[in-house]
1. Given a 1.4 Å probe, how much area per residue of the chain is accessible, in Å²?
2. Working from Cα positions, state the angle (0 to 90°, nearest 10) between the long axis of helix 86-107 and the longest principal axis of the chain.
3. Given the options Leu81, Leu65, Leu43, state which has the largest fluctuation in a GNM of the chain using a 10 Å cut-off (strictly under) for Cα springs.
4. Given R₀ = 30 Å, FRET efficiency for Leu37-Arg8 by Cβ-Cβ distance, to 0.05?
5. Could you tell me the relative contact order of segment 24-106? Use alpha-carbon pairs under 8 Å, at least six residues apart, and round to a whole percent.
6. With 18 Å as the cut-off, how large is the P(r) tail for segment 17-85, expressed as percent of Cα-Cα pairs?
7. Of Val55, Val33, Val134, which has the largest mean-square fluctuation in a 10 Å C-alpha GNM of the chain?
8. Of Val120, Val46, Val57, which is the most mobile in a GNM of the chain whose springs link Cα atoms less than 10 angstrom apart?
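The values are calculated or read from the model by the stated rules, or taken from the named source; none is laboratory data. Remember, predicted model here, so these are calculated numbers, not experimental data. Don't worry about glycine lacking a Cβ; one is built from the backbone with ideal geometry, like all the others, and counts go over all protein chains shown. To get the accessible areas, we keep the full protein, side chains included, count just its heavy atoms, and leave off ligands, DNA and RNA. Shrake-Rupley method; radii C 1.70, N 1.55, O 1.52, S 1.80 Å.
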Amino acid sequence: MLGTPPARLIIDREPCAACGGPHGRPYLPGRPVHFSLAHAGDLVLVAVAPVPVGVDVADLPSDALVPAVMAGLHEDERAELLALPRPARAAAFARCRTRKEAVLKSTGQGLAHGTRQPYVGTAAEPARISEHQVYDLPVPSGGVAALALWTG
């Protein structure tokens, strides 16, 4: 695809979206490929695409953790979680969080500006969001993963 031996590829970093420092999203200078990396426990995901891409994976949180961390979500996502039976909240929160992180990675923003935006939803299917296509990915039991591709 790139016509260059792997050992000769140079990986650089874009400026950080929050502070402009040299620790932003990694990229291959002059190459028509984008990539994203995520890991949780023993699971590692790598996404490679011709457009900006983000991928995230996470272990399911404990039921007790969800109320403590859901405050950082979009207000509609918090309402969706609270409307669910308590045993369903951990999986819905994890779906939402991995979708959100995948989108934020694809933009290069990461978590620098918080996780209230964009709204990605907690339902079984990701919400449609502007300039991105978001997919839930299958992973082994006890985990969740998502992929976001920039479509703008």
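1. Values: 8570 Å² over 152 residues.
For the chain, the solvent-accessible area averages 56 Å² per residue.
2. Once rounded, the angle reads 20 degrees.
3. The residue with the greatest mean-square fluctuation here is Leu65.
4. Working: r = 20 Å, r/R0 = 0.67.
The pair Leu37/Arg8 has a calculated efficiency of 0.90.
5. Working: 109 pairs, mean separation 24.5, N = 83.
For segment 24-106, the relative contact order is 29 percent.
6. Of all Cα-Cα distances in segment 17-85, 61 percent exceed 18 Å.
7. Val33
8. Largest GNM mean-square fluctuation: Val46.
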